[in-house]
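Note sheet for the following structure.
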Ligand SMILES: Cc1ncc(COP(=O)(O)O)c(C=O)c1O
């Protein structure tokens, strides 16, 4: 396995578990148990049943006829926006709440940027009757207000992160601090393929259902299970990891990862980690991250709360370094325009994160018979205010 994780918890040079001693028992307990638990027939059965009856899987693979016509290629949208709670994040939180129960945990903490992971966590905690605390940057609380209200309705406590750029990175710091203080009864549901091993691998496995479905859905529609391209936006990288998972080792499938360039890659207001990042350690794993010459993390910026993160998960650092995936940076303006175009051409309002992936069609030319699958990671309800302000609607 060249592109997947090795038995030491690394993707090539990236990954591992760089954690304070206080967290070691928690992370080690998870590392020793996660694969065993995931393989238990009763776990698989409960996970699959909830994905089907509660989340509404399989999510459709939709042939976007008018978008395809405009860009003269064959575009399929993997409709994670149609999942219960409105994004791919719920696939992972269902898996992790079942894991937490099996490990005997009583209290759940999470971080969130766009609020989709917070909502998905609050949802599964309500479903299972567990206490839920969500850390969220103060800026994100303001720009993703509908999701904050949803979390509260679902019974979660939302705690603002007031340090740094007051966004996802800072919320993650607070969640880690909480975990250190509550090492016994608490499970930390990380929302992306980031964090110390085994989180990146565990989250990727829970999200792998996305490419598992793409395989048979494409077989039905195109008579073959492999596309020519898979495109996904990358914050930490979980929707991309899920959409790529079953194609990682098949190099006939081209992978495109889309990052947020904010106001421009070199504007000083960006979250384009592959373009600007260097090797370093963030939130327990060795990966690529944006940092100053003396190793201080650079405050990121993106119009999209879910992509506003100064790093990427170790899988994506490895895909970048090996050239397995092509990394593209998309500005706020380009993403917003692509999002509006999907509304007008297909009647679908995408999350601004997903709009970044859609902007690839304005950057890159595909062949008429290329099969291009794009991960439509979430719906845009949470982003209406940002769209309204941007376009003066
Ligand atoms: C709809 C949506 N897409 C994408 C992301 C980015 O996360 P990831 O890179 O883990 O998929 C988020 C994060 O909040 C999101 O809400």
One residue from 203, 158 being crowded, with 24+ Cβ neighbours inside 10 Å and either touching a helix residue (DSSP H, G or I) at 6+ places or on another chain (Cβ under 8 Å) or outside any loop (DSSP other than H, G, I, E, B) (or both): 203
From the options 148, 134, 119, residue that is outside the structural domain of residue 241 (by TED's automatic domain parsing), under 18 Å from the mean Cα position of the chain (by Cα), more than 28 Å from residue 346 (Cβ to Cβ) and free of Cβ contacts under 8 Å to residues at least 40 places away in the same chain: 134
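Quick one: how many residues across the stretch 352-370 are more than 15 Å from the ligand (Cβ to nearest atom) and either under 20 Å from residue 264 (Cα atoms) or buried (at least 21 other Cβ atoms within 10 Å of the Cβ) (or both)? Even if it seems obvious, please write down each step before you answer.
Restricting attention to the stretch 352-370, the residues satisfying the condition of being more than 15 Å from the ligand (Cβ to nearest atom) are 361-370.
Now narrow it down to the ones that are either under 20 Å from residue 264 (Cα atoms) or buried (at least 21 other Cβ atoms within 10 Å of the Cβ) (or both): 361-364.
Residues that pass the stated criteria total 4.
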Residues satisfying the stated conditions in the stretch 372-393, i.e. more than 16 Å from the ligand (Cβ to nearest atom) and at pLDDT below 95: 393
Yes/no for residue 107 being touching a strand residue (DSSP E or B) at 6+ places or on another chain (Cβ under 6 Å), assigned by TED's automatic domain parsing to the domain that holds residue 184 and in contact (Cβ under 8 Å) with a residue 40 or more places away in the chain: yes
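Rundown of residues vs (1) over 23 Å from the mean Cα position of the chain (by Cα); (2) assigned by TED's automatic domain parsing to the domain that holds residue 285; (3) surrounded by fewer than 17 Cβ atoms within 10 Å (Cβ to Cβ), yes/no style:
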{"position": "2", "(1), (2), (3)": "no, no, yes"}
{"position": "5", "(1), (2), (3)": "no, no, no"}
{"position": "11", "(1), (2), (3)": "no, no, no"}
{"position": "14", "(1), (2), (3)": "no, no, no"}
{"position": "24", "(1), (2), (3)": "yes, no, yes"}
{"position": "30", "(1), (2), (3)": "no, no, no"}
{"position": "35", "(1), (2), (3)": "no, no, yes"}
{"position": "38", "(1), (2), (3)": "no, no, no"}
{"position": "41", "(1), (2), (3)": "yes, no, yes"}
Qualifying residues in the stretch 82-94 (those that are part of a helix (DSSP H, G or I) and touching a helix residue (DSSP H, G or I) at 6+ places or on another chain (Cβ under 7 Å)) - the one farthest from the ligand (Cβ to nearest atom): 94
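Criterion first (buried (at least 20 other Cβ atoms within 10 Å of the Cβ), under 28 Å from residue 47 (Cα atoms) and within 16 Å of the ligand (Cβ to nearest atom)) does residue 137 satisfy it? Give the steps one after another, and end with the answer.
On the way: buried (at least 20 other Cβ atoms within 10 Å of the Cβ): yes; under 28 Å from residue 47 (Cα atoms): no; within 16 Å of the ligand (Cβ to nearest atom): yes.
No, not satisfied.
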Residue among 297, 282, 349 that is crowded, with 23+ Cβ neighbours inside 10 Å and either within 21 Å of residue 191 (Cβ to Cβ) or at pLDDT 95 or above (or both): 282
Only listed residue being surrounded by fewer than 24 Cβ atoms within 10 Å (Cβ to Cβ) and either within 22 Å of residue 326 (Cβ to Cβ) or in contact with a helix residue (DSSP H, G or I) (Cβ under 7 Å, 6 or more places away or on another chain) (or both), chosen from 226, 273: 226
Some residue of the stretch 272-279 being free of Cβ contacts under 8 Å to residues at least 12 places away in the same chain, more than 17 Å from the chain's Cα centre (by Cα) and either on the phi > 0 side of the Ramachandran plot or more than 16 Å from the ligand (Cβ to nearest atom) (or both): no
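The values are calculated or read from the model by the stated rules, or taken from the named source; none is laboratory data. Quantities reported herein were computed from a predicted structural model and do not represent experimental measurements. Virtual Cβ from ideal backbone geometry, glycine too; neighbours counted across all protein chains shown.
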